[in-house]
Each structure stands twice: as C-alpha cells, then as structure tokens.
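Written out below as structure tokens is the structure these notes cover.
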Amino acid sequence: MSDLTVIKNAFANLCRGGAVALSMLLLPPFLARILTKDTYGTWLLILQLSAYVSLLDLGIQTVIGRFVAHYNELGDIKKRDSIVSSAVAMLTGSATIALVGIALLAWQLPQLFKDMPANLQQDAQLALLCVGSSLAVSLPLTTFGAVFLGLQRYDIPAWIIGSTKILAGVLIVLVAQSTHSIVVMGVVFAATNIAAGLWQYLAFRKMAVGYRVSPTLVSKKSLGEVLESCLAISVSSLGLLIVGGLDTTVIGFFDYKSVSYYALAATLTNFVFGVASSILNTVIPVASSVGARNEPAKLGELLISTTRYSVIVLIATNLPLLLLSKTIMTFWVGADYANNTDRLFEWLIAGNFVRQIGSPYFTIAIGCGEHRKIILSPLIEAVINLIVSVTLTSKIGASGVAIGTLVGGFASVGLHYFYNLPRTQKIFIANRNDLIAVVVKPIAIVVVPIVSLFFVYKYAIAEQNLLIYTSVSAILTLMSWAGLWKYVLTDEDRALVLSSFQRLVLRRKPQN
C-alpha cells in the first residue's frame with residue numbers, strides 16, 4: 001500500500017472525525033446559552049448514558065475492517081462474506097440487549113441521580129429512551145460501513161457519518177431554540193442517527209460489488225473468530241467506558257452541579273484527541289496486511305514510525321488547547337464556564353495525552369491479530385482509574401475524575417511497554433530504546449520548555465488581562481509548532497507534509 005493511500009485514508013478519517021467533532025463544538029455555544037445550566041447538564045448526561053450502548057458494539061467495526069483487508073489479501077472471498085454476515089448477526093443480538101438495558105436505565109434514572117431537578121426527571125427519561133434506542137437499532141447497520149474500511153475507502157463512511165452529524169447538530173439547535181425541550185432534541189438525534197445507519201447499508205449495497213450478506217452465511221466458526229478477535233477490543237472498550245464513559249456519570253452522582261462544566265471541558269479535549277485517533281486508526285488494515293505476510297520486523301518499524309508521528313500530532317494539537325484553553329472557553333461558551341473549567345482542562349489534557357501514547361501499539365497489535373496479548377492492560381487501567389476517580393471525586397469534586405484519567409494513563413503505557421510488547425511475537429523491535437526515544441525526544445524538546453514557560457506566566461501573575469493572556473499563549477503555540485518543524489521532523493517528514501498538503505488541500509501535484 002502506498003504512502004499516499006495511507007495519507008488519503010488518514011485525511012478521510014480526519015474529515016469524518018472533524019465533522020463529528022465539529023458538530024460537538026458548534027452545539028455547546030448555542031445550547032449553553034439557550035438552555036438553563038441544569039437542563040443542559042441533564043442533556044449532556046443523557047448523551048453520556050446513551051453512549052454505553054457502544055460497548056455492545058464489541059469492537060466489531062474495527063475487527064471487520066481488519067478481516068476484510070486480511071481475507072482480500074488472501075483471496076478467500078467465501079470466508080470474508082461469512083465473517084461479515086456473522087458480524088451483522090452478532091450486532092443484531094447486541095442491539096436487542098441494548099434496547100432492554102436502555103429501558104431499565106431510563107426507568108431507574110431518578111433513583112440513580114437524586115440531585116437531578118424534579119421538573120427534568122420525566123423529560124430525561126423520555127430523551128434517554130429516544131437517544132439510546134436509536135444507537136441500539138443502528139448497531140447492526142454499522143457493519144456495512146466497516147466493510148469500506150477494509151477496502152481502504154474511508155471516504156465513504158466519512159462522508160455519511162460527517163454529513164449526518166452536522167445535520168443533526170443544526171436541527172438540535174433549531175428545536176432547542178424553539179421548544180427548549182430535551183425530549184424533542186432526543187427525537188431529532190434518534191432520527192438522524194438511524195438515517196446514517198440506513199445510508200451506510202444502501203452505500204454497501206450499491207458500491208461493495210461482489211459481497212454477499214445473508215443469514216445462510218452465518219457460521220459457528222466465523223462467529224467464533226469474530227468473538228475471539230473482539231475480546232481484546234471489548235475489554236478495551238470496557239476500559240474506555242470506565243476511563244472516559246463513566247466520568248460524567250460519577251460526577252453526576254457526587255457533584256451534579258459540575259456536570260455541565262466537566263462535560264464541556266471533556267468535549268473540547270475529546271475533539272482534539274479524536275482528530276489524532278482518526279488518523280491513527282488508518283494503520284489497522286495496513287498492520288493486518290503486513291501481519292498476513294508474517295513480517296514482524298516491518299510491524300516493528302511501523303510501530304516506531306506510527307508512535308513517533310502520533311506523539312508529534314498529539315503535541316501539535318494539544319499544546320494549543322492547553323495554552324489557549326481559557327481564551328477558547330471564554331469565546332466558546334462564556335466566562336463562567338471558562339473560569340470553572342480551567343483546572344479541569346490541565347488534568348484532562350495531561351491524562352489523555354499520556355494514555356494516547358500507547359495507542360499506536362494497541363492499534364497495531366489488534367491489526368496484526370495479537371489481540372490476546374493485550375487484554376489485561378485495559379482492565380488494570382480501568383480499575384485504577386475508577387478507584388482513583390471515585391475516591392477523589394467524593395472528596396474534591398470533578399477534578400478527581402480528571403486526575404484518575406492521568407493516573408490510569410501512566411498505568412496503561414507502563415503495562416504496554418513492560419508487559420505486553422515483550423510478549424507480542426508478531427511485532428519485533430531490535431532495540432526497544434528506539435521506541436522510548438521517539439516519545440521522549442519531542443516531549444523534551446518542545447513540551448517541557450513551552451509548558452514550563454506557560455505555567456510560570458499563568459500562575460506568577462495574579463491579575464491577567466485576557467488579551468495579553470491570549471497573546472502570550474499564541475506566541476508559545478507558534479514556538480511549539482516551530483520547534484516541532486525545526487527540531488523534531490526530519491527532512492523527509494517535512495517534504496511529505498508539504499507534498500500531502502499540495503495533493504489533498506491545494507489539489508495539485510507537488511513539483512519535483
């Protein structure tokens with residue numbers, strides 16, 4: 001597979017993640033001003049609770065992309081179609097379980113969150129039923145979009161998901177302005193979500209030529225293969241649920257008044273980390289193809305290069321968020337939210353940055369079929385995160401959850417490097433210090449000096465004019481980018497960036 005294909009897929013995934021995240025970013029400025037703080041916090045809690053349905057996805061979307069790439073590489077069409085058909089059957093069962101779970105959760109909602117205002121309880125129950133049920137019904141339909149990932153056609157699901165999310169965001173703002181009802185907002189969310197699933201199915205029927213999906217192709221062997229491959233991802237999803245999916249729920253239980261503050265801070269950080277994750281996910285089919293050819297040394301090279309680029313992207317996207325967070329929040333949702341989320345941002349960015357360092361290894365291990373070796377670390381991270389989060393949140397409020405993310409992130413990276421990697425036979429690295437170097441070098445050269453200067457300025461000056469604060473932060477941001485470009489990227493990296501920019505953004509061939 002050519003570098004340009006990988007870049008195009010990364011760009012498509014970036015557009016998809018960007019469109020989804022853009023809808024997330026455009027909603028808060030309107031909803032935070034249209035709805036009361038309690039109503040908005042309740043809506044955010046509903047979205048968080050509904051997201052639990054994604055756990056029943058079992059990671060099948062990622063697995064299907066890998067299987068399609070793998071069996072296409074081997075030319076085994078019959079096995080490929082059996083895998084896809086079995087995945088649809090599994091997710092249909094998951095959808096049934098999810099519908100029952102959402103109904104029970106909606107029924108017990110007032111008992112679980114006793115500090116929720118009484119006038120919002122019934123509306124919250126109905127909205128949860130709408131949003132959660134639509135996510136459940138869409139589960140089997142997502143399989144068809146996953147097939148395109150294995151075909152290296154990331155642009156198709158990117159267009160479908162991106163456009164429907166933007167449409168949903170616009171409609172939700174309009175109905176919020178006219179009705180102030182989270183129930184109507186839930187209905188709009190449900191309708192657009194189901195439409196996205198049906199659109200993926202229709203695109204599959206039209207464009208995936210030669211594919212057959214039928215109940216008759218479902219087999220025990222294929223079900224077993226999919227389930228086995230999903231095990232590590234399911235465990236990871238459970239870990240992610242505890243790490244990032246229970247945060248708002250824990251805060252709602254212990255500190256309900258801070259739900260909207262924390263959720264907004266998490267939305268902004270998740271947007272930036274989602275950009276990096278969208279780019280990273282494109283290496284799964286690549287790892288699957290290399291794994292099928294049994295080339296451990298090449299997978300080791302892929303891990304080092306992917307980790308290096310991942311850290312660079314994380315720094316380039318997260319340092320500006322850290323430096324300009326107060327300015328961004330002030331203009332985004334107002335000074336009150338900015339003042340109450342400032343410290344949350346610092347902990348959240350640090351925690352998510354640390355845990356994302358291990359994502360390239362985790363992603364490639366899944367792609368090459370070494371998923372069995374990485375089951376333990378997500379569980380340990382999740383347990384550590386949950387214990388720290390609950391303990392601290394009960395004592396210091398919402399910041400406790402963010403600190404829990406940081407502590408769990410260090411545990412995750414340590415387990416990947418010291419426990420999982422030495423046992424992963426399909427990934428060979430002659431000198432593991434090379435992997436450490438690609439992480440430490442950009443952090444030492446760029447992050448440490450820039451962040452040190454920022455915190456000295458931020459906490460040494462009691463009274464800070466927002467304009468001066470923004471100017472200093474912008475200068476430090478430009479310095480960080482310049483440092484990455486000059487001292488971290490190689491000549492080949494810079495040439496590739498410029499070439500990709502000309503091809504994908506300017507739509508012209510680079511000059512030789």
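The values are calculated or read from the model by the stated rules, or taken from the named source; none is laboratory data. Remember, it's a predicted structure, so these values are computed and weren't measured experimentally. Cβ sites come from the backbone with ideal geometry, for glycine too, and all protein chains shown count toward neighbours.
Among the numbered conditions (1) part of a helix (DSSP H, G or I); (2) farther than 19 Å from M185 by Cα, the only one that A127 does not meet is (2). Of the residues making up the stretch 118-136, not a single one is at pLDDT below 90, at negative phi and either among the basic types (K, R) or touching an Asp or Glu at 6+ places or on another chain (Cβ under 8 Å) (or both).
Among all residues of the stretch 404-413, there is none that is at pLDDT 90 or above and over 24 Å from Y361 (Cβ atoms). Selection over the stretch 130-174 of residues that are outside any helix (DSSP H, G or I) and closer than 28 Å to G101 by Cα gives a count of 3. When residues in the stretch 330-368 are screened for being surrounded by 19 or more Cβ atoms within 10 Å (Cβ to Cβ) and not in a helix (DSSP H, G or I), 3 of them pass.
Does L198 satisfy the condition of being over 23 Å from T42 (Cα atoms), modelled with pLDDT of 90 or more and of a type in the set (A, V, I, L, M)? So L198 passes the test.
Condition check for V209 on (1) in the same structural domain as I64 (by TED's automatic domain parsing); (2) surrounded by fewer than 17 Cβ atoms within 10 Å (Cβ to Cβ); (3) at pLDDT 75 or above: one failure, at (3).
Listed residues Y337, Y419; which is outside the structural domain of L26 (by TED's automatic domain parsing), of a type in the set (F, W, Y) and at pLDDT below 85? Y337 is the lone residue from the list that is outside the structural domain of L26 (by TED's automatic domain parsing), of a type in the set (F, W, Y) and at pLDDT below 85. Taken over the stretch 405-427, the residue count meeting the criterion of being part of a helix (DSSP H, G or I) and more than 18 Å from the chain's Cα centre (by Cα) is 13. The residue that is surrounded by the fewest Cβ atoms within 10 Å (Cβ to Cβ), among those in the stretch 130-146 that are among the hydrophobic types (A, V, I, L, M, F, W, C) and farther than 13 Å from V213 by Cβ, is V137. The conditions are (1) of a type in the set (K, R); (2) surrounded by 15 or more Cβ atoms within 10 Å (Cβ to Cβ); (3) in a helix (DSSP H, G or I), and R372 fails exactly one of them. Which is it? Checking R372 against (1) of a type in the set (K, R); (2) surrounded by 15 or more Cβ atoms within 10 Å (Cβ to Cβ); (3) in a helix (DSSP H, G or I), the one that fails is (2). Based on this model, can you work out whether I396 counts as closer than 24 Å to Q61 by Cβ and of a type outside the set (D, E, K, R)? Considered against the rule, which asks whether it is closer than 24 Å to Q61 by Cβ and of a type outside the set (D, E, K, R), I396 comes out as no. Can you tell me which residue is nearest to A158 (Cα to Cα) among those in the stretch 174-226 that are within 27 Å of the chain's Cα centre (by Cα) and among the polar types (S, T, N, Q)? The residue in question is Q200.
Residue by residue, here is whether (1) in contact with a Ser or Thr (Cβ under 8 Å, 6 or more places away or on another chain); (2) within 20 Å of H70 (Cα to Cα); (3) in contact (Cβ under 8 Å) with a residue 12 or more places away in the chain holds:
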residue: G132; (1), (2), (3): yes, no, yes
residue: L141; (1), (2), (3): no, no, yes
residue: Y154; (1), (2), (3): yes, yes, yes
residue: L171; (1), (2), (3): yes, no, yes
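Among all residues of the stretch 438-446, there is none that is assigned to a loop (DSSP other than H, G, I, E, B), touching a residue at least 12 places away in the same chain (Cβ under 8 Å) and in contact with a Lys or Arg (Cβ under 6 Å, 6 or more places away or on another chain).
A residue that is at pLDDT below 85, of a type outside the set (K, R) and surrounded by 17 or more Cβ atoms within 10 Å (Cβ to Cβ) can be found somewhere in the stretch 428-443. Remark: pairs (first residue in the stretch 111-129, surrounded by 12 or more Cβ atoms within 10 Å (Cβ to Cβ); second residue outside any helix (DSSP H, G or I); Cβ separation under 7 Å; 6+ apart in sequence or on different chains) = D123/S181; A124/M116.
Summed over the stretch 34-83, residues that are buried (at least 18 other Cβ atoms within 10 Å of the Cβ), within 19 Å of D255 (Cβ to Cβ) and not aromatic (F, W, Y) total 9. Within the stretch 111-124, the set of residues being hydrophobic (A, V, I, L, M, F, W, C) and not in a loop (DSSP other than H, G, I, E, B) comprises L112, A118, L120, A124.
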